[in-house]
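Take a look at the structure below.
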Amino acid sequence: MTDIAQRLTAAASHLENLKARQATAMLDGDDFNPAEVVNAEAELAALRDAQSEQVRRQRHTAAQARQQQKTERKSQLQELAKKRTEALQGAEEGARQLAAEVGRAIALNKEMVALAHEISGEGTPGPLSALEFPKRLSNRLSAVMKTVPGHPQRLGNIPWMTTTQKQDESWAAEEARILEPHLKSILEK
């Protein structure tokens, strides 16, 4: 089917030609059937109505598509909110477990300091120091937290410490390596 706009252009041109022929016929005294002009005007009006209907339908289709997209986006937003909540629950559980395990490690470190002093009669071994051990833990935590996408320096109000610790380094293995020579010398006494 020919495009409505093309048909409108052709009908308007045809009507103008008919009107010109009608005017010429009147001036020349020739016969001219005015029904041709009336029919052409009716056809032009019908084409304009059809074009208006076509535009209305296109707008309606576009509005439906926008509404469908909006509905899909709302669904996506709800799914993202659900996943975000799940991620936050996991982060909270992990943070609470981290706090509990770090507290446990610090308490065990304190017990080790007391026993090491009791056995050796000497001061606290450097790696067990109440200042050095938490400092190493905070460096290790900072190294891991620097891997949070988009937050290599801080997360909100919490800045990450500058550290040479590697993010994938085993905390337990590295602490065992650091402590081993000190523990060995105490155990040999």
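The values are calculated or read from the model by the stated rules, or taken from the named source; none is laboratory data. If you're wondering where the values come from, they're calculated on a predicted model, not measured in any experiment. Heads up, the Cβs are rebuilt from the backbone with ideal geometry, glycines too, and the neighbour counts pull from every protein chain shown.
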Output for region 30-46, where each listed residue is surrounded by 12 or more Cβ atoms within 10 Å (Cβ to Cβ) and more than 17 Å from Ser13 (Cβ to Cβ) | Phe32
Among the residues of region 132-155, write down those that are closer than 19 Å to Leu98 by Cα and assigned to a loop (DSSP other than H, G, I, E, B).
-> Lys146, Thr147, Val148
With respect to the numbered conditions (1) surrounded by 10 or more Cβ atoms within 10 Å (Cβ to Cβ); (2) more than 26 Å from the chain's Cα centre (by Cα), which one is the sole condition not fulfilled by Gln68?
-> (2)
Sole exception among (1) in a helix (DSSP H, G or I); (2) among the β-branched types (Val, Ile, Thr); (3) surrounded by 16 or more Cβ atoms within 10 Å (Cβ to Cβ) for Thr124, by number | (1)
Mind checking which pairs have a first residue in region 128-153 that is within 26 Å of Lys110 (Cα to Cα) and a second that is surrounded by 15 or more Cβ atoms within 10 Å (Cβ to Cβ) and of a type in the set (Asp, Glu), Cβ under 8 Å, 6 or more apart or different chains?
-> Arg136/Glu175
So which pairs qualify, if the first residue must be in region 163-178 and in a helix (DSSP H, G or I), the second must be surrounded by 16 or more Cβ atoms within 10 Å (Cβ to Cβ) and of a type in the set (Lys, Arg), the Cβ gap must be under 8 Å, and the two must be at least 6 apart or on different chains?
-> Trp171/Arg140; Glu174/Arg140; Glu175/Arg136; Ile178/Arg136
Please determine, by comparing only the residues of region 14-24 that are free of Cβ contacts under 8 Å to residues at least 24 places away in the same chain and surrounded by 11 or more Cβ atoms within 10 Å (Cβ to Cβ), which one is farthest from Glu53 (Cα to Cα).
-> Thr24
Taking Arg96 as the residue in question, decide whether it is of a type in the set (D, E, K, R) and touching a residue at least 40 places away in the same chain (Cβ under 8 Å).
-> no
Please name all residue pairs, on different chains or six or more residues apart, with Cβ atoms under 8 Å, provided the first residue is in region 50-61 and is at pLDDT below 95 and the second residue is surrounded by 11 or more Cβ atoms within 10 Å (Cβ to Cβ).
-> Ala50/Ile4; Gln51/Ile4; Gln51/Ala5; Gln51/Leu8; Gln54/Ile4
